[in-house]
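Shown next, in C-alpha cells, is the structure this report addresses.
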Amino acid sequence: MKRLLLFITLCLAPVLLLSCACQSKDNPGEDVGLETNPDPYKPDLSTLEGQWRDSVHTALSYAYQGEVLKVGQYRMPIWWKVYGNKPAGGRSLYISLHGGGQTDPSENDGQWENQKQLYTPSEGVYLCPRAITDTWDLHFRPESDAFYEQIIQMAVVFLDVNPDKVYLMGYSAGGDGVWQVAPRMADHWAAASMMAGHPNGVRLESLMTATRSAPSMSANWTPCRRTTRKATYTRAISWPGRGTGWMARTPPPFRGWRNTPAIPIRRRWPGSRAT
C-alpha cells in the first residue's frame, strides 16, 4: 500500500509543479514586477483600423511604458494624468507646452514640472511633453512635429483618446510653440490656445478652416513686444464681417478664431508672481 501511495505521489508531482508555475504567471505577486502603466490592449486585425492600432501598439509600447519618445537623435520625456470618466466617444487629450527656452536644462526642467500643475481638466488626458532641446524655439523645432504626431497616436491607442478631441495649449515659450505648431499641424487639433507667446512672423491661414484658436496675453507682459504683436495679429485675422483682416475677407468654410483681449490683472502663479 505504501509503495502504491509513493508511486502516485511521484506521478502527480510534475503536474502540481506545472500548475503552480502557471498560476504564478497568471497572477503575479508584488515581487514579480508589474508594468508601470497598465496595458489592456487586445489586438483585432480584422479591420484596417485594428491593423493600424496594432502597428502603433507595437511601435510605441516602449514610450507608453517608459514615458519617453525617441526619434532619431532626439528624445522627448512625457508626463500625463487622466481626469474624470471616459465619455462614450473617447477621452479628450490636452497637450500642454511648458515655458523656458534659451536657458540651461535645469531651468527648462523646472518649467516642465511647473506646467504639470497648471491645469486640471474635468475630463481627459492632460499631457505635458518636455521639449527636445533647450533653445529659444524648443517647442517648434522641425523635428518636434514627429513627436507630437506620436503623442497623439499613443494616446489614441493606449489611453482611449478620441482623435477628434485633441487640443494644444502652451504658456510663454510654450505659447511660442502653439503659434507655430497649431497652423503647421492644423488638421490635428480640435482647438489651440496660446498664452503669453510670440508669433514670430508665422502665417495662420491654415487655422481658418481647421482649428479653433484663442490667443491670450496679460496687458503687463511686455518682453519681446508680445502684447503688441498679439494685438497686431488679432486685428489682421478678425472675425468674418468684422474688420478688414484677411480672415474677414475669406468665405466659408470657417471654424473660428476667438479674440481674447489683453488681461489687465495679475493671476496667481504656483510659487511666483507672474502676470
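The values are calculated or read from the model by the stated rules, or taken from the named source; none is laboratory data. Every value quoted in this text rests on a predicted model; they were computed, and no experiment measured them. All Cβ positions, glycine included, derive from the backbone under ideal geometry; neighbour counts span all protein chains shown. Heads up: the accessible areas ignore ligands, DNA and RNA and are worked out on the full protein's heavy atoms, side chains in. Shrake-Rupley method; radii C 1.70, N 1.55, O 1.52, S 1.80 Å.
Brief remarks follow.
- Residues (surrounded by 13 or more Cβ atoms within 10 Å (Cβ to Cβ) and more than 22 Å from Tyr94 (Cβ to Cβ)) located in the stretch 56-70: His57, Ala59, Ser61, Lys70
- Checking Ile95, Ile132 one by one, the residue that is crowded, with 20+ Cβ neighbours inside 10 Å and in a loop (DSSP other than H, G, I, E, B) is Ile132 and no other.
- When Gly110, Gly84 are screened for being modelled with pLDDT of 95 or more, touching a Ser or Thr at 6+ places or on another chain (Cβ under 6 Å) and either open to solvent by 50 Å² or more (accessible area, probe 1.4 Å) or over 20 Å from Phe147 (Cβ atoms) (or both), only Gly84 passes.
- In the stretch 143-160, the residues that are in a helix (DSSP H, G or I) form Cβ pairs under 8 Å with partners that are of a type in the set (Val, Ile, Thr) and surrounded by fewer than 20 Cβ atoms within 10 Å (Cβ to Cβ), at six or more places apart or across chains, as follows: Ala146/Val71; Phe147/Val71; Gln150/Val71; Gln153/Val56; Met154/Val56; Val156/Val56; Val157/Val56.
- Matching residues, the stretch 160-179, being within 14 Å of Arg91 (Cβ to Cβ) and open to solvent by 10 Å² or more (accessible area, probe 1.4 Å): Asp160, Asn162, Pro163, Asp164, Lys165, Tyr167
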